[in-house]
Structure formats: C-alpha cells, structure tokens
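The values are calculated or read from the model by the stated rules, or taken from the named source; none is laboratory data. Quick caveat, the model's predicted, so the values are computed rather than measured. Positions of Cβ are backbone-derived with ideal geometry, glycine not excepted, and every protein chain shown enters the neighbour counts. What goes into the accessible areas is simple: the full protein's heavy atoms, side chains included, and nothing from ligands, DNA or RNA. Shrake-Rupley method; radii C 1.70, N 1.55, O 1.52, S 1.80 Å.
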Amino acid sequence: MSTASQFSSTVSANHDTTAISIDNLNKWYGDFHALKNISLKVTSGERIVVCGPSGSGKSTLIRCINQLERHQQGSLTVLGETLDENRKRLQRIRRNVGMCFQHFNLFPHLSVLKNCTLPQTANLRVSQAEAIEYALSLLDRVQMREHANKYPGQLSGGQQQRIAIARALCMRPKIMLFDEPTSALDPEMIAEVLEVMVDLANDGMTMLCVTHEMGFARRVADRVVFMDQGEIVEEAPPQQFFDTPQSARTKRFLTQILDHGVTA
Amino acid sequence: MTVSATQSHSGVQVPPHHPLGHQVTRWIKTQLFPTPFQSCLSLITLVLLVWFTPLALDWLLFSATFVGDSKADCIGGGACWLPVTQRIELFVYGFYPDTEIWRVNIAFGLAAAILPLLYIKQIDRRWVLGYLIVLPFLMWWLLKGGVGLPEVSSTKFAGILVTVFLGVIGMLFALPMGVLLALGRRSNKPVIKLLSVLYIELVRSVPVITLLFMASLMIQLLFPEGMTIDIFLRVLIVLIMFTAAYMAETIRGGLQGMPSGQYEAAKALGFSYWKTMGLIILPQVLRNTIPPLLTQFIGLFKETTLVVVVGVLDVVGIAMSTTAAPEWLGLEHEVYLFLALFFFTICFTLSRYARHLEKQMEKSRS
C-alpha cells in the first residue's frame with residue numbers, strides 16, 4: 001500500500017479496496033467458448049498468479065481486463081469503473097493498468113529511454129524533463145539505466161522484458177498485468193525478470209500474473225487461480241494450492257509441470 | 001608494423017591483410033574471368049566498350065558544337081547542341097517573365113534543399129516536417145504571385161519549371177494523402193473503409209492519361225459557370241490523386257506487416273488511435289516502405305510529362321516544340337538526348353538516395 005500515494009492518479013480517489021471485480025464473464029471466439037462464467041475479485045495490493053494448461057483461457061482473461069480482448073457477457077469493474085463502450089473511460093482504465101507481454105512488444109524505432117518517456121508525454125500531463133527523470137528512476141530500478149540510449153534490438157530478451165516492465169510502470173499504474181512474461185526467455189534470463197517482479201510485489205503493487213513459474217507463485221502470490229477449459233477450477237493461497245490441491249484436474253496439472261521441473 | 005606485431009599488442013586476431021596489387025588481380029580473376037564462358041562475355045564487352053566509347057565521346061563532346069547562333073554553325077560533324085544551349089532559358093523557365101525569374105530560382109533552391117535537410121540527421125525532425133508542409137504553398141506563391149508579388153499567369157509556365165513544380169508539390173501532397181487512404185482502407189468503420197477502397201480501386205484501374213483528360217475537360221463541368229480552376233492546379237490534383245492511390249497500397253502493405261504486439265502495447269499504454277498511428281505505427285511503416293515509396297516518387301516525376309497531352313508545356317513539351325521549329329529541324333537526337341540526360345540525372349539521384357536509406361535501415365536493424 002505504500003506505493004499507492006507514490007503513483008498519483010487522474011482518477012478520483014477510490015476508497016473501495018476492490019481493484020478488479022469480474023462477474024460472470026463470458027467470451028467466445030466464433031463458436032469456441034473461451035471464458036465460461038468467470039468471477040473473480042482482486043483487492044488492492046493483492047498478488048494473484050493465474051496458471052493452467054495452454055488454451056485454458058488464462059491469457060484471454062487478463063487481456064479482457066484492459067480490453068485487448070472484448071468480452072461478450074458479464075461485467076468487469078476495474079478501479080471502480082465499469083467497462084462499457086465509452087472510449088474515454090477505457091483509455092483512462094488502460095492508463096491505470098500496466099501490462100507486460102510475452103514478447104515484450106517494445107517499440108523498436110525508439111530508444112530505451114524514449115520507449116519509457118513517450119507514453120508519459122503523449123498520454124499523461126507530464127513535462128519532458130519530468131518524464132525523463134521518472135523514466136530514468138524506473139530504469140534504475142530494473143537495472144537498465146546504463147542502456148537508456150540503446151535500441152531494443154541491441155538488447156537480450158531478459159533486458160527487453162525488464163524495460164517493458166519499466167515502460168508499463170512509467171504510466172504510474174495501480175494494477176500490473178503480466179501475460180507469461182518469462183515464457184519467451186532463455187532459462188538464464190528468467191531469474192532477472194522474476195527478480196524485478198518480486199521487487200514490484202514487495203512494493204505493494206496489485207498484480208495479476210499469468211505464468212508457469214511455480215516458484216514465483218509460491219514466493220509471491222497471495223492466491224493462485226487455476227484455470228482449465230475456460231473455467232476457474234480452483235483458487236487458493238499458494239501453500240494450500242500446491243500442498244493440498246482439491247480437484248483432480250489441478251493435481252494432474254501440478255504433477256505434469258512438477259515432473260518437468262519448471263518449478264524453481 | 002607487421003601483422004604479427006598488431007596481434008601481440010592487443011591479443012586479438014585481425015583478418016589477414018593483402019597488398020593492393022594482389023587484391024586487384026584477385027578481383028579481375030574472380031569477377032571477370034572465373035569461367036571460360038564468362039571470360040568470353042567479359043572480353044566481348046570490353047572490346048565493345050573500347051570501340052564504342054571513343055566514338056560516342058567524340059560525337060557527344062569533342063566534335064560537338066556548343067556555341068553558335070544557328071544550325072549553320074554546326075560544322076564539327078558531331079552533335080549540334082545549339083537548340084538546347086540557344087534555348088536553355090526556354091527549357092528551364094518557359095515563358096516566365098525575365099524580370100521575375102529570380103522567383104523561379106528561389107523556388108528551385110527551396111525544392112533542392114529537401115535532400116540535404118533529410119540527409120542531415122542532426123536537424124530536428126519537426127523542423128524538417130514543418131518545412132515540407134510549408135514548401136508547396138511557398139512554391140505556389142513564389143511562382144504564381146499574389147500577395148506582395150506581381151501575379152504571373154500560368155500560361156507562362158513551361159519547361160523544367162513545370163516538371164519540377166508538379167513533381168515536388170505532387171510528392172509532398174501524395175504521401176500524406178496516401179497515408180490517410182491506407183488508414184481508411186484498414187479502418188473498422190465500414191463507410192470510411194468502403195470509400196477508401198472505392199477510391200483506390202477506381203483510380204488504380206484508370207490510366208493517368210484518361211484522368212488528365214478528365215481534369216482538363218470534365219472537372220470544369222462540375223463547377224458553376226464563370227468559375228475556373230487553373231489548368232495547372234487541375235493536372236496537379238490529378239497527379240496527386242493518382243500517386244496517392246498507389247502509395248496507399250504500398251503503405252497498406254507496410255501496415256499489414258506490423259506485428260499486432262505493437263498495436264497491443266500501444267493500446268495497453270493508453271495511446272489513442274491517432275497517437276498510436278502517428279507515434280508508434282506510421283514511423284515504423286514509413287521507414288520500412290521508404291524504398292518502394294521513393295520508386296513511386298520517381299514514377300510520379302516521370303509521369304508529369306504526360307501533362308503535355310492536355311496542353312501544359314512541361315520540359316518535354318518545350319523539347320517537342322523545339323524539334324518542330326523550322327530553324328532547328330533535324331536535330332531531334334540532340335534535343336531528346338538532353339531530355340534523357342535531364343530525367344536520368346534527377347531520377348538516378350533519387351534512386352541512389354533510396355538505396356542509401358535502405359542501407360542505413362539495414363544497419364540500424366542489426
């Protein structure tokens with residue numbers, strides 16, 4: 001909660017501690033039912049890890065939260081604002097919800113520093129100098145300050161992902177979404193990204209992470225949500241989730257990934 | 001300093017260095033005479049070059065006549081450049097009043113300044129952009145007159161003046177219009193999309209000449225009586241419309257090539273549609289499509305010569321009238337060679353420039 005004051009916001013003060021409230025969400029791709037009656041509440045400062053086999057709808061779920069995917073049924077309230085057709089509201093929510101992608105999606109034509117300052121100068125009322133100062137402080141935090149003048153193409157995957165996190169943080173978000181941030185990385189680079197994410201979690205950021213890093217889930221998560229075939233099968237604190245999983249599907253999933261030694 | 005000395009100093013291995021003479025013989029061996037068949041081709045080409053070059057140079061330069069008053073002065077046996085040298089002012093400035101020619105010169109200078117401006121990386125891009133936006137209006141004002149300058153009728157426009165004017169202004173307007181059309185064609189708003197598709201497909205399926213005739217004859221019908229639009233402006237609009245439709249397709253290709261992750265990242269950071277396009281997507285797309293776009297610019301520059309068919313005298317028009325003039329009859333070769341040289345110089349410069357940009361992009365990508 002300590003960072004809540006640090007990340008000043010354009011939205012009026014929100015005393016409700018619910019950060020995200022998802023109610024009976026349904027989504028179809030054509031005839032394929034991707035999300036089935038999903039309901040989930042996330043309180044401010046909570047860290048949630050979403051896991052599940054591929055195609056289970058976990059990425060779709062967190063992409064619905066900032067509407068990179070549109071849902072067809074159910075309601076979605078983010079930071080006290082219910083998502084609807086209103087574009088201005090959507091943009092306001094997007095500016096308050098940071099996102100990191102599997103493939104980083106840095107802007108290759110801009111330097112690292114510009115990647116972090118452009119979103120601020122274009123979308124927040126921030127002066128150039130202020131934007132640079134804030135960007136440098138965040139690049140410092142992800143230990144990428146000395147690369148500020150390089151271009152994304154010159155950096156490794158792990159470095160790019162750390163910059164992507166800094167870029168998302170530049171918008172002073174209240175919620176961070178991570179969509180498999182380490183899946184595209186070489187094993188030796190996973191640690192440096194996870195380290196940044198742990199640091200962020202310890203700072204009190206509200207986080208939703210889709211990840212297969214079970215070690216990270218155990219260390220950081222307040223709750224683990226397990227999804228399969230578009231449904232939430234189980235949600236529990238990590239201790240309980242890993243040690244005494246309730247459903248058969250969870251057990252099968254856990255043995256599969258533990259056998260492959262994905263866990264740290 | 002020997003090779004081994006450098007090695008021991010730094011401890012790094014450097015590639016072996018060969019003396020220049022060795023490099024030259026090696027190049028000749030591998031590039032000119034690698035196989036018997038290619039050796040034959042090289043030999044034939046060399047013989048032709050040795051035989052032809054002196055002849056050509058003799059006709060073009062050494063025995064040619066550059067100074068004189070009339071065809072009678074051409075006695076050297078070589079080319080007779082008098083129709084060009086005698087009428088050079090006509091070729092360059094057309095019928096522009098002598099006292100106002102400085103305006104044309106300034107306009108030429110302003111147009112030529114684009115290349116160094118784009119070339120020098122230190123200049124703030126916003127200044128360059130601003131310059132490019134103001135330039136067409138500045139050129140129009142300089143040439144046509146009006147506010148503060150005596151007006152010159154566009155019937156006086158002819159020659160290189162017309163070609164450069166149509167080419168430069170056409171390019172500067174066609175690109176932004178092409179961008180808008182490409183965005184329109186990919187828009188998710190059905191009406192905008194339909195209009196863009198209709199426009200692009202219609203314009204692309206009609207020859208430029210047809211459009212030019214329409215411009216000279218039909219557009220006038222759409223306006224109330226008494227109101228006329230400068231014929232010059234009309235052909236300019238046609239050239240812009242035409243080039244823009246083609247550019248739109250090139251840019252659309254670039255837009256389709258952009259990974260969806262770029263759009264998603266921009267959206268997730270709260271960029272609006274126009275900011276996403278203007279700050280994230282188009283800078284990348286335009287950079288990637290510079291080579292084909294410059295090819296289209298070259299095409300536009302050469303297409304300006306088609307305005308002859310609707311009675312606008314560009315540099316080709318002047319050339320044609322020169323060869324038809326009784327005092328210069330029979331000197332078509334020289335006049336058209338001059339024309340070819342003129343277009344080659346400008347188009348080749350543009351194409352080298354495109355190549356340079358391409359190389360730079362390859363460098364920045366690695």
* Asked: For the stretch B:20-62, what is the accessible area per residue in Å², given a 1.4 Å probe and the full set of protein chains?
  -> 88 Å²
* To do: Would you mind checking which residues have amide H under 5 Å from residue A:19's amide H? H placed 1.01 Å from N; only 5 or more apart, or other chain.
  => A:42, A:43, A:44
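Excluding residue A:135 itself, calculate the net charge of residues whose Cβ lies under 12 Å from the Cβ of residue A:135, where each Lys or Arg counts +1 and each Asp or Glu counts -1.
After counting each charged neighbour, the total is +2.
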* A versus B: buried accessible surface, summed, Å² (probe 1.4 Å, to nearest 100) -> 1800 Å²
* Structure fact -> Output field shielding_mean for A:95-101 (other chain Cβ, 10 Å radius) holds 3
* Asked: How many angstrom separate the Cα center of the stretch A:43-77 from the Cα center of the stretch B:264-331?
  -> 48 Å
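Where in chain B are the DSSP H helices whose alpha-carbon span along the long axis reaches 24 Å or more and whose Kyte-Doolittle mean is at least 0.0?
TM-like helix candidates: B:36-57, B:125-144, B:160-185, B:231-257, B:282-303.
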* Mind checking the per residue accessible area of the stretch A:89-146 for me, 1.4 Å probe, whole number of Å²? => 41 Å²
* **Within the accessible area of chain B (1.4 Å probe), percent carbon and sulfur** => 71 percent
* Does the stretch B:210-361 classify as rounded, prolate or oblate by the C-alpha gyration tensor (a ≥ b ≥ c root eigenvalues; a/c under 1.5 gives rounded; else a/b over b/c gives prolate, otherwise oblate)? -> oblate
* Asked: Once you sort the root eigenvalues of the Cα gyration tensor of the stretch B:20-62 as a ≥ b ≥ c, which label holds: rounded (a/c under 1.5), prolate (a/b larger than b/c) or oblate (the other case)?
  -> oblate
* To do: Please give, to one decimal in nm, the separation of the simple spin-label points placed at residue B:105 and residue A:143, each 7 Å out from Cα toward the Cβ.
  => 6.5 nm
* Structure fact -> Over the stretch B:199-269, with neighbouring protein chains present, the accessible area per residue in Å² at probe 1.4 Å is 47 Å²
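How large is the translational diffusion coefficient of chain B in µm² per second when you combine the Kirkwood radius over alpha carbon pairs with Stokes-Einstein at 10 °C and 1.306 mPa s?
64 µm²/s
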* Which whole DSSP H helices in chain A pass both tests: a Cα extent of 15 Å or more along the axis and a mean Kyte-Doolittle value no lower than 0.5? -> A:187-202
* To do: Report, for the protein assembly as shown, the % of DSSP beta bridges that are antiparallel, rounded to 5.
  => 50 percent
* Compute all pairwise cysteine Cβ distances in chain B, then list the cysteines with no distance under 4.7 Å to another cysteine. => B:40, B:347
* Dipole magnitude (debye, nearest 20) for the protein assembly as shown, charges at Cβ of Lys, Arg, Asp, Glu -> 820 debye
* Structure fact -> Note: B:257-266 gets an average of partner chain Cβ contacts (10 Å, Cβ to Cβ) equal to 5
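Counting only protein heavy atoms and using a 1.4 Å probe, what share of the accessible area of chain A belongs to carbon plus sulfur, as a whole percent? Write out the running numbers ahead of the final one.
Values: 5370 of 11550 Å².
That fraction is 47 percent.
How many Cβ atoms of partner chains, on average, are near each residue of A:34-46 if near means within 10 Å of its Cβ?
0
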